[in-house]
Amino acid sequence: MNGKSFFKKWKDYAFLHISILIYSITIVLSKVASDFAFLSLPYILCYGSMVAILGIYAILWQQVIKRFEPSVAYSHKSVTVIWALLISGFLFGENITLGNVIGTILIVAGVVMVSQDE
C-alpha cells in the first residue's frame, strides 16, 4: 500500500468515526431532554437539536457508505455504544463498570475482525 492510499484510508476511517461521534450526540441530547418536562421549551429544543443533528448525520452517512462496503460501515456503527458510554461518564458522571469495559473490548474486537480485509 503506497503512502497516498494509506493516508486516504485513514482519512476515510476518521470521517466514518467523526460521523458516528456526531450521531452519538443525539443519545446525549435525549438524556438531557429526559430531565425536562414534556413539551417544555428546553425539551423541545433538545429534541429539535436531535432532529437537526440526525439530518446532518444522514448526509454524512451517505458519504460514508460511498467509501466503505456496507458490512464494514455498519460494523463500525456499533462504536456508537462506546462513544455514548464515554460521553455519559464524562458529562453525567455515570459509572463505567467492568461489564462496560468487557463489552467495549468485544465491540472493538468485532470491528477489527470485520475491517481486517478492508
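Derivation of every value follows stated rules applied to the coordinates shown; laboratory data play no part. Predicted, not measured: the structure shown is a model, and the values here were computed from it. Cβ coordinates were reconstructed from backbone atoms using ideal geometry, including for glycine residues, and neighbour counts include every protein chain displayed.
Relative contact order, whole percent, for the stretch 6-118 stands at 30, derived from Cα pairs under 8 Å and 6 or more residues apart. For the pair Phe6 and Ser34 in one chain, pulling the backbone fully straight at 0.36 nm per residue adds 5.8 nm over the alpha carbon distance. The tail of the calculated P(r) for the stretch 3-115, taken as Cα-Cα distances beyond 22 Å, holds 43 percent of the pairs. Which of rounded, prolate or oblate describes the stretch 58-118 when judged by the alpha-carbon gyration tensor and an a/c cut-off of 1.5? In terms of gyration-tensor shape, oblate.
For the chain, the longest principal axis of the alpha carbon atoms and the long axis of helix 3-33 meet at an angle near 20°.
Packing around the peptides 71-80, 38-47, taken as the average count of other Cβ atoms within 10 Å per residue, puts them in this order, highest first: 71-80, 38-47.
Ignoring lysines fewer than eight residues from Lys66 along the same chain, the ones with Cα atoms less than 18 angstrom from its Cα are Lys8, Lys9, Lys11, Lys77.
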